Amino acid sequence: MGLSLAAIGARVLRTRSLVRAPIALYRAGLGWLLGGRIMMLEHRGRSSGLRRYVCLEVVERPGPGRIVIVSGFGERAQWYRNLRAHPRCFVSTGRVRRAPARARLLGEEESAAALDRYRRARPRDWELLRGAIERATGQPVRGLPMVELRLRRRR
């Protein structure tokens, strides 16, 4: 019997080299190959102040220059904790490279509403994501913290 998609997704989420593989594409200027649903976030380490990178799925684009992302590992995710400490960051997605942005952590109600919109818009993707997160963390998904990134126009 083969592995389910959720089991494969959980393995990917727990394998650092696989999770970080898209970063190399973005840093080489090839992030557009991943389309508009994946983005790279460049943020500062809250203790070290060093640049950090993570690729994440775009949950929604509620308006021009606004992107909502989800923390599948909750508030303990390093990138989430770093944005809480240092909300200024850079976003690369599609053909946009290193656009300056500011992060706003969404409240519980806003996060739940965004997650509900995602569930309705992409039911298959949601089931795969939920299953992978639950297998990787060993806990049921009850709610997930969301972050809105507001991209600033370059002058």
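Every number in this text was worked out from the coordinates using simple rules, so none of it is lab data. Small disclaimer: the values here were computed from a predicted structure and weren't measured. No Cβ is skipped: glycine too gets one built from the backbone with ideal geometry, and neighbour counts run over all protein chains shown.
Summary of values
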{"item": "In order through the stretch 145-151: 3J(HN,Hα) via Karplus (6.51 cos²θ - 1.76 cosθ + 1.60), integer Hz, x for Gly, Pro", "result": "x, 10, 10, 9, 9, 9, 7"}
{"item": "Derived scalar couplings ³J(HN,Hα) [the stretch 31-48; Karplus, 6.51 cos²θ - 1.76 cosθ + 1.60; whole Hz; x for Gly, Pro]", "result": "x, 4, 5, 8, x, x, 8, 10, 9, 10, 10, 9, 9, 9, x, 5, 9, 7"}
{"item": "Estimated distance in nm for a label pair at Arg152 and Arg102, the labels positioned 7 Å out from Cα along Cα-to-Cβ", "result": "0.8 nm"}
{"item": "Tensor-based shape of the stretch 5-151 (alpha-carbon gyration tensor, a/c under 1.5 rounded, otherwise prolate or oblate)", "result": "rounded"}
{"item": "FRET efficiency, 1/(1 + (r/R0)^6) with R0 35 Å, evaluated for Gln78 and Glu134 via beta carbons", "result": "0.95"}
{"item": "Rounded to whole Hz, the Karplus (6.51, -1.76, 1.60) HN-Hα couplings of the stretch 61-76, x for glycine and proline", "result": "10, x, x, x, x, 10, 9, 10, 10, 10, 9, x, 9, x, 6, 7"}
